[in-house]
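**Student:** Sharing a structure here in structure tokens format.
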Amino acid sequence: MASAMTVPHKQALNRRNIIKGAAALAATAASLKAASAATVTPLGQTGAPTTASEPLPLGPLPGSRYPDSHLESAKKGPPSFGPPDFPAFAGTMAVERVATGFRWAEGPVYFAAGRYVLFSDIPNNRIMRFSEDDGHVSVYRQPSMNSNGNTIDREGRLITCEHSGRRVTRTELDGSITIIADKYNGKRLNSPNDAVVTSDGAIWFTDPVYGIGGYYEGVKAEPEQEKHNVYRVDPKSGDIKVVVDDFVEPNGIALSPDEKKLYVIDTGFTDGPNNPSQIRSFDLDVSAGKVSNSKVFADMPKPSITDGVRTDTDGRVWLSVGWGDPNEDGVRCYTPAGELLGKIHIPETVANLCFGGQQRNRLYICGSTSLYAVYTSVQGSMKP
């Protein structure tokens, strides 16, 4: 007791100062932690499962019979279904619903090595996986940063466009994620939508503003890029450059099988009735990383829009259709010259599509709440 009473006054003051300093540091840390928690945006917007009603039935669409009337040839005169008019027909087959229970299915890509399709369920903030061998559906990634378009590069790696991340990423073979592009000229991208990879490894992607327009498919934010561009990422340097800057809303993107054409969709009609609802084609110089000779390949029947695009080995162009006349919901197929060959009718708005299957002859179709599939008599070019 005596020794405790004889502590020097200066030492006691130092102890009190240490205690006060520690308390101040703790308070500051707590304040900083609270401030950080209040300002950090979530990893994408997390959706809720759709459980209000029984899921839509799987299997061939109701009323299907061979040949399936959901396949409509554009041949003049009485309706004609089946070959040689429309290459969507493959014999004894029908349009099937193979998976359901999503809020907005988008961006499918087929991985041949695993026989599965990956596709985005944007509002539910996840990438789904459909296993072709047994029909099993599972979650591949959640959160997915409200992923939209997906593709595969020439080394078998997943390339993803993320709305809430406002970036393009690559999933490496070990599962790690590399950011390919998130800024241009020091400013954040708007919301990358869809991507394609040329044979030299360059990544080409579109950047409209859909993913930052609200909190349903991303995180609401102001666009930082003045224009809605199509970009190219150099495979060696990683440099990002604008290749086309005159789109209203650039959307789906695809290559011709010989890589001499680049196709890009403009869904500007969503921003105003006088804007385009069309797909444009460009002459592509892969080695120079440039495009030229822009042309309107096909116009869509307004108020419908096309969103996703793929090509087959003969150069035909396959387009998703939706948002407008329900009778137009589905897929359109065009010759390389832009002549309509036929339609695949789907009972939901269609956003995107890709070829898959071990023979590359099965067309997978993302239709709103469901994933559809149909065997065709052609093979997809499988160019990412």
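**Student:** Residues in segment 279-301: is at least one β-branched (Val, Ile, Thr) and free of Cβ contacts under 8 Å to residues at least 40 places away in the same chain? Please lay out each step first, then the result.
**Tutor:** Going residue by residue through segment 279-301, those that are β-branched (Val, Ile, Thr) are 279, 286, 291, 296.
Keeping just the survivors that are free of Cβ contacts under 8 Å to residues at least 40 places away in the same chain gives 296.
Scanning segment 279-301, I find at least one residue that is β-branched (Val, Ile, Thr) and free of Cβ contacts under 8 Å to residues at least 40 places away in the same chain, so the answer is yes.
**Student:** Only one residue in Ala90, Ala105 is at pLDDT below 70, within 29 Å of Pro55 (Cα to Cα) and crowded, with 17+ Cβ neighbours inside 10 Å. Which one? Give the derivation first.
**Tutor:** Working: Ala105 fails: at pLDDT below 70.
None of the other options fit; the residue is Ala90.
**Student:** Further question on the same structure: Here are the criteria: (1) under 25 Å from Gln278 (Cα atoms); (2) in contact with a Gly (Cβ under 8 Å, 6 or more places away or on another chain); (3) surrounded by 15 or more Cβ atoms within 10 Å (Cβ to Cβ). Tell me which single one Val219 does not satisfy.
**Tutor:** (1)
**Student:** Which of (1) open to solvent by less than 40 Å² (accessible area, probe 1.4 Å); (2) in contact with a His (Cβ under 8 Å, 6 or more places away or on another chain); (3) at pLDDT below 95 does Lys343 not meet, given it meets every other one?
**Tutor:** Going through (1) open to solvent by less than 40 Å² (accessible area, probe 1.4 Å); (2) in contact with a His (Cβ under 8 Å, 6 or more places away or on another chain); (3) at pLDDT below 95 one by one, Lys343 breaks only (2).
**Student:** Consider Val296 carefully, then state whether it is touching a strand residue (DSSP E or B) at 6+ places or on another chain (Cβ under 6 Å), open to solvent by less than 40 Å² (accessible area, probe 1.4 Å) and either assigned to a loop (DSSP other than H, G, I, E, B) or farther than 19 Å from Trp204 by Cα (or both).
**Tutor:** no
**Student:** Moving to a separate point now. Return only the number of the condition from (1) in a loop (DSSP other than H, G, I, E, B); (2) under 14 Å from the mean Cα position of the chain (by Cα) that Gly214 does not satisfy.
**Tutor:** (2)
**Student:** With the requirement that a residue be outside any strand (DSSP E or B) and surrounded by 23 or more Cβ atoms within 10 Å (Cβ to Cβ), what does segment 357-377 give you?
**Tutor:** Quick first cut of segment 357-377, residues outside any strand (DSSP E or B) only: 357-361, 368-369, 376-377.
The one that is outside any strand (DSSP E or B) and surrounded by 23 or more Cβ atoms within 10 Å (Cβ to Cβ): Thr376.
**Student:** Could you please give the count of residues in segment 122-164 that are out of contact with any Lys or Arg (no Cβ under 6 Å at 6 or more places or on another chain) and in a strand (DSSP E or B)?
**Tutor:** First pass over segment 122-164, keeping only residues out of contact with any Lys or Arg (no Cβ under 6 Å at 6 or more places or on another chain): 122, 125-126, 128-131, 134-137, 141, 143, 145-156, 158, 160-164.
Now drop any that are not in a strand (DSSP E or B), which leaves 126, 128-131, 137, 141, 147-152, 158, 160-162.
Result for segment 122-164: 17.
**Student:** Kindly indicate whether Asp258 is open to solvent by 20 Å² or more (accessible area, probe 1.4 Å), part of a strand (DSSP E or B) and not small (Gly, Ala, Ser).
**Tutor:** On the way: open to solvent by 20 Å² or more (accessible area, probe 1.4 Å): yes; part of a strand (DSSP E or B): no; not small (Gly, Ala, Ser): yes.
So Asp258 does not fit the description; no.
**Student:** Could you count how many residues in segment 173-191 are surrounded by fewer than 22 Cβ atoms within 10 Å (Cβ to Cβ) and assigned to a loop (DSSP other than H, G, I, E, B)?
**Tutor:** Narrowing segment 173-191 to residues surrounded by fewer than 22 Cβ atoms within 10 Å (Cβ to Cβ): 173-180, 182-188.
Imposing the further condition that a residue be assigned to a loop (DSSP other than H, G, I, E, B) reduces the set to 173-176, 182, 185-186.
Looking only at that region, the number is 7.
**Student:** Report yes if some residue within segment 225-233 is in a loop (DSSP other than H, G, I, E, B), open to solvent by 10 Å² or more (accessible area, probe 1.4 Å), closer than 18 Å to Asp200 by Cα and touching a strand residue (DSSP E or B) at 6+ places or on another chain (Cβ under 8 Å); otherwise report no.
**Tutor:** Taking segment 225-233 first, the residues in a loop (DSSP other than H, G, I, E, B) are 225-227.
Next, only the ones that are open to solvent by 10 Å² or more (accessible area, probe 1.4 Å) stay: 225-227.
Keeping just the survivors that are closer than 18 Å to Asp200 by Cα gives none.
Scanning segment 225-233 turns up no residue that is in a loop (DSSP other than H, G, I, E, B), open to solvent by 10 Å² or more (accessible area, probe 1.4 Å), closer than 18 Å to Asp200 by Cα and touching a strand residue (DSSP E or B) at 6+ places or on another chain (Cβ under 8 Å).
**Student:** Can you tell me which of (1) aromatic (Phe, Trp, Tyr); (2) under 18 Å from Ser294 (Cα atoms); (3) open to solvent by 40 Å² or more (accessible area, probe 1.4 Å) is the one Phe269 doesn't meet?
**Tutor:** Here Phe269 meets the rest and fails (2).
**Student:** Determine, yes or no, whether Val291 is at pLDDT 95 or above and either outside any strand (DSSP E or B) or in contact with a helix residue (DSSP H, G or I) (Cβ under 9 Å, 6 or more places away or on another chain) (or both). Walk me through how you get there before you give the answer.
**Tutor:** Values: at pLDDT 95 or above: yes; either outside any strand (DSSP E or B) or in contact with a helix residue (DSSP H, G or I) (Cβ under 9 Å, 6 or more places away or on another chain) (or both): no.
So Val291 does not fit the description; no.
**Student:** Return only the number of the condition from (1) within 26 Å of Lys295 (Cα to Cα); (2) over 19 Å from the mean Cα position of the chain (by Cα); (3) at pLDDT 95 or above that Gly324 does not satisfy.
**Tutor:** Of the numbered conditions (1) within 26 Å of Lys295 (Cα to Cα); (2) over 19 Å from the mean Cα position of the chain (by Cα); (3) at pLDDT 95 or above, the odd one out for Gly324 is (3).
**Student:** Select from segment 302-333 the residues that are among the charged types (D, E, K, R), under 22 Å from Asp121 (Cβ atoms) and part of a strand (DSSP E or B) and list them in ascending order. Steps first, please.
**Tutor:** Looking only at segment 302-333, we keep the residues that are among the charged types (D, E, K, R), and these are 302, 307, 310, 312, 314, 316, 325, 328-329, 332.
Pick out the ones that are also under 22 Å from Asp121 (Cβ atoms) and you get 307, 310, 329.
Arg310 - this is the single residue of segment 302-333 that is among the charged types (D, E, K, R), under 22 Å from Asp121 (Cβ atoms) and part of a strand (DSSP E or B).
**Student:** Also, quick follow-up: Does segment 192-206 hold any residues that are without any contact (Cβ under 8 Å) to a residue 60 or more places away in the chain, touching a Ser or Thr at 6+ places or on another chain (Cβ under 8 Å) and either β-branched (Val, Ile, Thr) or in a loop (DSSP other than H, G, I, E, B) (or both), and which are they?
**Tutor:** Pro192, Asn193
**Student:** If I filter segment 308-315 for residues that are among the aliphatic types (A, V, I, L, M) and in contact (Cβ under 8 Å) with a residue 60 or more places away in the chain, do I get at least one hit?
**Tutor:** no
**Student:** Let me ask another. Every residue in segment 334-351 that is in a strand (DSSP E or B) and within 17 Å of Ala94 (Cα to Cα), please.
**Tutor:** Filtering segment 334-351 for residues in a strand (DSSP E or B) gives 334, 340-345.
Listed by number, the residues that qualify are Gly342, Lys343, Ile344, His345.
The values are calculated or read from the model by the stated rules, or taken from the named source; none is laboratory data. Note that the structure is a prediction, hence the values are computed from the model and not measured. No Cβ is skipped: glycine too gets one built from the backbone with ideal geometry, and neighbour counts run over all protein chains shown. Each accessible area value is taken on the protein alone, full model and side chains, heavy atoms only, with ligands, DNA and RNA left out. Shrake-Rupley method; radii C 1.70, N 1.55, O 1.52, S 1.80 Å.
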